[in-house]
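I have placed the structure first, in the form of structure tokens, so that the comments after it can refer back to it.
Just so it is clear, none of the values below were taken in a lab; they were calculated from the coordinates. This structure is a prediction, so every number in the text was calculated from the model and none was measured. Reconstructed Cβ throughout: ideal geometry from the backbone, glycine too, with neighbour counts over all protein chains shown.
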Amino acid sequence: MKSRHKNNQAWAFLMAKSLLLSVLVASLMACGFHLKGMGPNAKASFQSVYLAKTTGVRADALKTFMQLLKASDVKVVDSVASAELSVSLDATVYEVSRTSMSGQGDTTSELLKMSQTVSVQRVATETLLMTATVNSYRDRRIETAAALGSSRELQDIQQQMAFDVANQLIDRINRAYQLKQPSKPTQAKDQGEQP
């Protein structure tokens, strides 16, 4: 009888713990918090950019970058004089590495890597704000029997990678801009110290 009572107590304790854990998880999921400066819906701290260099940038990555800037209420201007930031994008690096082969020697899976280097200058002070390289990686399994479907899948993967790269670029620029904001002069704490 004693062991049955202890089992019931242990079971009740375990159920209470599980219920508490479930409530905590549900409340965290419901709050839906977002870090400032993160994700595709983030608001940029800067207002305008001039694209100084885009030679060799993948068309899908550049198009997505411009769309995300527009979605963040950032204007892409035609002259450096009217821009807050000057952005130079190096040529996009796209690499494919074979990760497995079939018995016949055909590639059956690949690792895809897309890299984009960016340099950003603050136009007003002509100072370098940041230089960074962002990367996006994807694994791809190749179905040798379904070449057409595999080609479409590759295009979808490349579009996802272009989005990741563009999103990372904006996040990095936004963080660097926020970190290196010019400090505002502080007012005297005591108003009686005026000359």
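Some observations on this one:
- FRET E, pair Thr144, Val93, Förster distance 25 Å, beta-carbon r, rounded to 0.05: 0.40
- With the charge dipole of region 48-179 set up from +1 on Lys and Arg Cβ and -1 on Asp and Glu Cβ about the Cα centre, the Cα lying farthest toward the positive end among the listed residues Ala176, Gln67, Val118 is that of Ala176.
- When each of Phe46, Phe163, Phe65 is scored by the number of other beta-carbon atoms lying within 10 Å, the sequence from fewest to most is Phe163, Phe46, Phe65.
- Cut-off under 5 Å, modelled amide H: who pairs with Val76 long-range: Val49
- Extension gain, Asp78 to Gln9, is 17.6 nm, computed as 0.36 nm per intervening residue step minus the present C-alpha separation.
- Extension gain, Ala71-Leu179: 0.36 nm per intervening residue step, less the Cα-Cα distance, totals 36.7 nm.
- In order through region 110-125: 3J(HN,Hα) via Karplus (6.51 cos²θ - 1.76 cosθ + 1.60), integer Hz, x for Gly, Pro: 9, 10, 9, 9, 10, 10, 9, 9, 9, 10, 10, 10, 7, 5, 4, 9
- Put in line by how crowded their Cβ is, counting other Cβ atoms within 10 Å and starting with the fewest, Ile157, Ile173 read Ile157, Ile173.
- Cα centre as origin, Lys/Arg/Asp/Glu Cβ charges: region 106-156 dipole, Debye: 180 debye
- Each of Asp78, Asp90 was scored by other Cβ atoms within 10 Å of its Cβ. Listed from fewest to most, they are Asp78, Asp90.
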